[in-house]
Amino acid sequence: MTAYNPQEVEQHAQKLWEAHKSFEVKADDNKEKYYCLSMFPYPSGKLHMGHVRNYTLSEVIARYQKMQGKNVLQPIGYDAFGLPAENAAIKHNREPAEWTYANMEEMTAQFKRLGFAFDWSRELATCQPDYYRWEQWMFVKLFEQGLVYRKDSVVNWDPVDQTVLANEQVIDGKGWRSGAEVIRKTIPQWFLKITDYADELLQSLDNMPGWPDSVKTMQRNWIGRSKGLELDFQVDGFGQVSIYTTRPDTLYGVSYMAVAPEHPLALQAAADNAELAAFLQQCGKEQSNEAAMATMEKKGMYTGLDAMHPLTGERVPVWVANFVLMTYGTGAVMAVPGHDQRDYEFAKKYDLPITQVIDAEGDLYEAAITEKGCLINSDAFNGMDFAQAFDAMAKQFKADGTGRVQINYRLRDWGVSRQRYWGCPIPIIYCDDCGAVAVPEEQLPVVLPENVVFDETGGSPIKRMPEFYETTCPQCAAPAKRETDTFDTFMESSWYYARYTCPQYAGGMLSEEADHWLPVDQYIGGIEHAILHLLYARFYHKVLRDQGLVHSDEPFVNLLTQGMVLKDGAKMSKSKGNTVDPQDLIEQYGADTVRLFSMFAAPPEQSLEWSDEGVEGAARYLNRLWFQVSTFIDSVAGQTFEMSAELNKEQQAMRLKIHQSIEKVTQDIGERQTFNTAIAAMMELTNALTKFNDDSTTGMAIRHEGWFSLVKMISPFAPHMAQALWESMGQEALLCDAKWPEVDPSALVQDEIEMVVQVNGKLRAKLSVSADASKETIEALALADENVQKFVEGKTIRKVIVVPKRLINVVVS
């Protein structure tokens, strides 16, 4: 064979796969299905090393499972809508649609150049009407069923990007993309009732062993189920204000109430109070998320209104506080500075009373006492513990009609409105007489115009396009207007995995094929999507189930969350100027080298630190493997191999190494998903086979078995090279269709084993002992070893530890 030329080898293999449609699959009830999926990419125009790592992970798993004889689906598509494409298009004076489709074309070429085993016949893009028509259809169904509603909501508003931002998109009070100061703003928004599924979303986590515990914990915390009391406080000059508390045992310690700056009470009080109005305006410029609230300076102002304590009847001042969120609970809290640190700091700052009502360790001169204990200074409830006080107060409030037990969730309903252009139109029509009316099914999809012009305001162009928004009411035929907000792009990414099962199906959102492939057997993506995307996808899957479109409860059986790609300790990004272009590496070393390095440099869940030396090392290994296999094949041209039943010691050892390697690589890929250790095992096997120079008939048969197995095992990582070597071995069928090597149990049977001998944990000798030698025999052999004796001479042997078939540690002093 010729020298290894990655470009020629890779082009050859890719043509074969394309000609044979190797990775196109159809439902087949005669084969076990395996659905392997990586989170689909946003079409930015160029792949980065994060893409390479993410999709190589799914590659290795998908190709391995295919060689296990399974019918493997590994689709690909593009998360094509969204603000990044819109902003980039505006910056480059191009239409978002044109920009997006051009980027998709470029990324597709790069994906194919890397040899990823995608079923390209199922490719989809979320900006295509034949995709988003079905999420419009689903929205209409949910609207009809009462799972969709519209209300005024306090939002994070980016004045430059002119859109709502999620809390996670506000960084240090600024928009994550524009850098503009984010303001609080009240606007009408569309919501999906994800909270109706909160209990099921929470409970289902207990039956998902294939998900990392860390991700499940994050989701549990985000859903945040709690049991408490909702209590009614009467406020002079305003009326009733309800609060929710999980600590009713501290109720006698309430010294003030606090409401959010957007609370109706605050707005009423500010109507004739210029100073308070100015304070509310200032609060509107601050961040409004829980993470920010934990660290920001606590600020407040007395509203001039007082509430009546529901148990004592005493007057309690009502303050506006910047740390109270209108979007959490009722937008009002009872403040107990003696037993809540945030309330304590606020009370200290504004010289408000602090009363201890719980008998627990602590010093109120220094900090709030947050531990639970028995009640004190609480009238008839004195001496009760938390549970007793909770039940007693709940009973009293119920009898009085001023309170009730309530289960609350930290989870909020999903706001799906966005005020930008490049997204799926929300299928709602506004009529002066009929109100908000759903677009009839036969009029779907509501197609987003792609030929648009942006003006200097940067706002959505469809808001200035009468030809888009002017229509007639489906109910009364009067003139009406379309909704010009578009969906949050999480809507598209919450069900794409299901549409991959039937992307060309025109008869509905999903066909019967969805139930054949779903749920996804292996899902792969970044840990940064652990909460929102995964939670929304889980919710959407349950909605699909309840509509009768699927018959499983969860979308993803197993989840693998990979770490970031770092360079010089920082995440690779264009803004930091520390990116590495995969295309340059492919041209220099070949796609297989890039793939191999991305899997070998770190375990999947850990961050990968970029290393030029690591890439060069991967290239050297593949060149060496090519040379060794090629040399062996050339040396045995035309020969047949027959392995003797009787093997000498060296032959037994080599076969043992081969089958131990098969066993380890199989487990590392198929069970542990530690791909770096699988590669390390193959490198060790390469070294062992290189040193095994037995030219006897049996020796050559063992070498052939070793190289043959190694080429198969390396193929998920370096499929192009493996295919070329496979052909050089005289194999006509494609390697990707071959069967994974099997372990020969007889090869693992050992007459003798090698054991390491340590003295106080340091390697001092190696022993060959009978596989069935007793512990006493092994100890005696170890202590008799000449080198071991040097390190124990004149010392006291405290104990001898024997780890079966591995090591002996002699502990001396």
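For the reader, a short list of remarks on this structure follows.
- For A718, the requirement of being buried (at least 22 other Cβ atoms within 10 Å of the Cβ) and in the same structural domain as E742 (by the TED database) is met.
- Flag if E105 is charged (D, E, K, R), without any contact (Cβ under 8 Å) to a residue 60 or more places away in the chain, on the phi < 0 side of the Ramachandran plot and in a helix (DSSP H, G or I): yes
- Which listed residue, of L311, L325, is surrounded by fewer than 22 Cβ atoms within 10 Å (Cβ to Cβ) and over 22 Å from V155 (Cβ atoms): L311
Residues checked against (1) among the hydroxyl-bearing types (S, T, Y); (2) over 22 Å from Q136 (Cβ atoms); (3) part of a loop (DSSP other than H, G, I, E, B); (4) under 22 Å from the mean Cα position of the chain (by Cα):
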residue: P503; (1), (2), (3), (4): no, no, yes, no
residue: G507; (1), (2), (3), (4): no, no, yes, no
residue: D515; (1), (2), (3), (4): no, yes, no, no
residue: D521; (1), (2), (3), (4): no, yes, no, yes
residue: I524; (1), (2), (3), (4): no, yes, no, yes
residue: E528; (1), (2), (3), (4): no, yes, no, yes
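- Residue match in the range 386-397 (condition: outside any helix (DSSP H, G or I), touching a strand residue (DSSP E or B) at 6+ places or on another chain (Cβ under 9 Å) and not acidic (D, E)): no
- Residues (acidic (D, E) and surrounded by 20 or more Cβ atoms within 10 Å (Cβ to Cβ)) located in the range 564-594: D592
- Test: residue in the range 467-477 that is out of contact with any Phe, Trp or Tyr (no Cβ under 6 Å at 6 or more places or on another chain), more than 27 Å from A537 (Cα to Cα) and of a type in the set (G, A, S): yes
The values are calculated or read from the model by the stated rules, or taken from the named source; none is laboratory data. Not measured: the values here are computed from a predicted model. Using ideal geometry, Cβ is built from the backbone for each residue, glycine included, and neighbour counts are taken over all protein chains shown.
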